[in-house]
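Peer 1: Here it is, the structure in full.
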């Protein structure tokens, strides 16, 4: 039997993110933890979860031990209902067929804006990151779940560059910029589960992971977090969740 | 940025669109690409990348190419690391997610050696779509409010005259030449694509020239037995090259998966030293071999067969 407490931070992240997905939903998943967590959800509590990949795939069931190295590889089409062009699958977001967008992030701010383009400004970046891919399209057009490691350098007051929009400058600024739909719904980290305040649109703590304190989360965050009076505690990963996750990713491609 | 409609029509008018054989060698195909051309690259990430054609263009020492692709992997590394391309238009430029950030991309962009214009994935698609439709732009509802749009003055915010909605207009992209690799086509260029199509159909119809590389050339009779499988019509194609394993070391749907050991060794070498490591890789694998077959020999039969077993397994059940 697997001892539930023995898991990596990435495994915790994948399992807790998977719990946010509901059976019957249509989810647009990025590569890495999102792809893995969506596949895990399919095999646990959401067998009717439809997964879309930006390579042009509707309704795939990824094979255990054969995780694709990107969302544009043939492994992504395993047992899919349909393959279609990349533009066509992205346009499904714009038309409104997608319930949840699900991706990772390099850097996030208090309004849920994500940066995957530049550390430092775009004129003279200290690091040029790979860029948006479909991230900007997903975040612009769907309700979002983001799964990422919780580190102070990744949780900043203001991102260096808004690659994928959250609530931009808070309040109504997202809708006023021409994005009347979608927005950040949940952020899952290895420390806690976050939502966003309905009015200010700032990040707030919804639940702490077992053994994690408020101070610990705040100390690892570069801006002041909102805590509800009734902040909950997430249930730890179960043996069953860990067992299925490790069958999916036996080589720890995404969960090392 | 957007080409004149009449110029686009005139360029197309000049192309020989008759049903004719157009099979050439890889070396001959490089003459269809001129220095300074804008080059659209088919496939996505590590899938159906026209690697053999890129390999041949590097050997032909083309200069100042301006390349566009929906998502760019090690093909982009080779294009900029070899010095034949100084401008990439894409949504994502990295080797893959398994290896961190490409040091070749970083070195060339951060030192200003090349320009990397970033657009969202859907925006790249709609730019090729507009090009394929013969219209100067397409409206989209993403990129708005983000810094991706802020640093792209070529994209214009626009108020819809019907609804008052704010939309973003992205300009048509009509590359001078498109490089596309497919599973099979005939000698006329009727191309059949299995599995993921990515943006290749729009790219082919948008471009002013198309070089098709193919795993195999089949008869026109075979194409006519299943015309519903034909995704690119012959009259959009200007050259056909038969190149087995033409996407190596990337994958070609249903035929081979990526050659992961070669990719891992490549990434370790170029990310260890994006200049010297890249030079050594190019010397050994691009300039060194006498032919594409000799390049495949360097990858090794065992790795090719492993990739083929994995590639074919998509049809096993």
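Peer 1: Using the count of nearby Cβ atoms within 10 Å as a rough guide to exposure, how do B:295, A:28 rank from fewest to most? Could you put the intermediate results ahead of the total?
Peer 2: Working: B:295 20, A:28 29.
Arranged by neighbour count, lowest to highest, B:295, A:28 become B:295, A:28.
Peer 1: Between residue B:133 and residue A:6, what is the spin-label point distance in nm, taking each point 7 Å from the Cα along the Cα→C-beta axis?
Peer 2: 5.7 nm
Peer 1: Now a separate question. Expressed as cubic angstrom per residue, what is the convex hull volume of the alpha carbon set of the protein assembly as shown?
Peer 2: That works out to 148 Å³ per residue.
Peer 1: In a Gaussian network model over chain B where Cα atoms closer than 10 Å are linked, find which of B:139, B:258, B:171 has the largest mean-square fluctuation.
Peer 2: Ranking B:139, B:258, B:171 by mean-square fluctuation puts B:139 first.
Peer 1: How large is the direction-averaged shadow of the alpha-carbon convex hull of region B:6-123, in nm²?
Peer 2: 8.8 nm²
Peer 1: Quick check on chain A: of the DSSP beta bridges with both residues there, what percent are antiparallel, nearest 5%? Can you show the working numbers first?
Peer 2: Details: 16 of 37 bridges.
Here the share of antiparallel DSSP bridges comes out near 45 percent.
Peer 1: Given the peptides B:90-96, B:122-128, B:36-42, A:77-83, arrange them by the average over their residues of other C-beta atoms within 10 Å, most packed first.
Peer 2: My ranking of the peptides, most packed first, is B:122-128, B:90-96, B:36-42, A:77-83.
Peer 1: Out of the DSSP beta bridges found with both residues in chain B, what percent are antiparallel (nearest 5)?
Peer 2: Antiparallel: roughly 35 percent of the beta bridges in chain B.
Peer 1: Hey, what number do you get for chain A at 222 nm if only DSSP H runs of n ≥ 4 count, each worth -39500 (n - 2.57), divided across all residues, to the nearest 500?
Peer 2: Values: 7 runs with 58 residues, N = 256.
Result for chain A, helices only: -6000 deg cm²/dmol.
Peer 1: Tell me what chain B gives for mean residue ellipticity at 222 nm when only DSSP H runs of n ≥ 4 count, each as -39,500 (n - 2.57), the sum divided by the residue total, rounded to 500 deg cm²/dmol.
Peer 2: Only helices count here, giving -9500 deg cm²/dmol.
Peer 1: If you don't mind, another one. Take the Cα atoms of region A:113-240, find their three principal axes, and give me the spread along each one in whole Å, biggest first.
Peer 2: Result, largest extent first: 43, 33, 33 Å.
Peer 1: Something else now. Other chains' Cβ within 10 Å of B:133-144 residues: what's the mean? Spell out each step's value before the answer.
Peer 2: Values: counts 0, 0, 0, 0, 0, 1, 0, 6, 12, 17, 7, 8.
Partner Cβ neighbours, averaged per residue: 4.
Peer 1: What is the order of A:198, B:11, B:202, fewest Cβ neighbours within 10 Å to most?
Peer 2: A:198, B:11, B:202
Peer 1: If you don't mind, another one. Can you bin chain B into rounded, prolate or oblate? Criterion: square roots of the alpha carbon gyration tensor eigenvalues sorted a ≥ b ≥ c, rounded for a/c under 1.5, prolate for a/b above b/c, oblate for the rest.
Peer 2: Taking the square roots of the gyration eigenvalues as a ≥ b ≥ c, chain B is oblate.
Peer 1: Of all DSSP beta bridges located in the protein assembly as shown, what percent are antiparallel, nearest 5?
Peer 2: Bridges in the protein assembly as shown that DSSP calls antiparallel: roughly 40 percent.
Peer 1: Could you list A:63, A:247, A:123, B:215 in order of exposure, starting from the residue whose Cβ has the fewest other Cβ atoms within 10 Å?
Peer 2: Lowest to highest Cβ neighbour count: A:123, A:247, A:63, B:215.
Peer 1: Rounded to whole Å and sorted largest first, what semi-axes of the equivalent ellipsoid does the C-alpha gyration tensor of region A:1-124 yield via the square root of 5 times each eigenvalue?
Peer 2: Semi-axis lengths for region A:1-124 are 23, 22, 14 Å.
Peer 1: Average projected area of the Cα convex hull of region A:9-248, in nm²? Before the final figure, lay out the partial values.
Peer 2: Values: hull surface 50.8 nm².
If you wrap the Cα atoms of region A:9-248 in a convex hull and average its projections, you get 12.7 nm².
Peer 1: Then there is this: What is the diffusion coefficient of region B:155-273 in µm²/s, taking the Kirkwood radius over Cα pairs and the Stokes-Einstein relation at 10 °C with a viscosity of 1.306 mPa s?
Peer 2: Translational D for this selection: 95 µm²/s.
Every number in this text was worked out from the coordinates using simple rules, so none of it is lab data. Just so it is clear, the structure is predicted and the values come from calculations on it, not from any experiment. Heads up, the Cβs are rebuilt from the backbone with ideal geometry, glycines too, and the neighbour counts pull from every protein chain shown.
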